[in-house]
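Take a look at the structure below.
The values are calculated or read from the model by the stated rules, or taken from the named source; none is laboratory data. Keep in mind that this is a model prediction, so the values were computed, not measured. Heads up, the Cβs are rebuilt from the backbone with ideal geometry, glycines too, and the neighbour counts pull from every protein chain shown.
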Amino acid sequence: MKSSKEKRNKLSQEIAIQTLTLVSSSLGLVAALAWNEAIKEYINVYIKPFLPKGSGALSLLIYAVLITVITVIVAMQMAKIKKRLGS
């Protein structure tokens, strides 16, 4: 049977792991939001001027396709890294 001190150490370790996971996820969200704004601005500056006026739906479609392509590429790269790490 585990002692009280071992239980507290285990709990402290679990709290630290969860905190690190939450901080890491939060930073990932901030990075994703920054990329979101950067891609939107890129579309507004470099693509939208070449589209006819009132083409908001087309701009959104281009944005959605671009985000999907980036997401798939990143997910594939992460899967390769995970496989190399043996997870």
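Tabulated data for the structure shown
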quantity: Condition met for residue 58 (modelled with pLDDT under 90, aliphatic (A, V, I, L, M) and touching a Pro at 6+ places or on another chain (Cβ under 9 Å)); calculated: yes
quantity: Test: residue 26 is surrounded by 10 or more Cβ atoms within 10 Å (Cβ to Cβ), at pLDDT below 85, part of a helix (DSSP H, G or I) and among the hydroxyl-bearing types (Ser, Thr, Tyr); calculated: no
quantity: The range 67-78, residues that are over 18 Å from residue 29 (Cα atoms) and surrounded by 12 or more Cβ atoms within 10 Å (Cβ to Cβ); calculated: none
quantity: Selected residue [part of a helix (DSSP H, G or I) and either surrounded by 10 or more Cβ atoms within 10 Å (Cβ to Cβ) or at pLDDT below 90 (or both)] from 53, 48; calculated: 48
quantity: Residue satisfying condition, being assigned to a helix (DSSP H, G or I) and over 20 Å from the mean Cα position of the chain (by Cα), within set 9, 36; calculated: 9
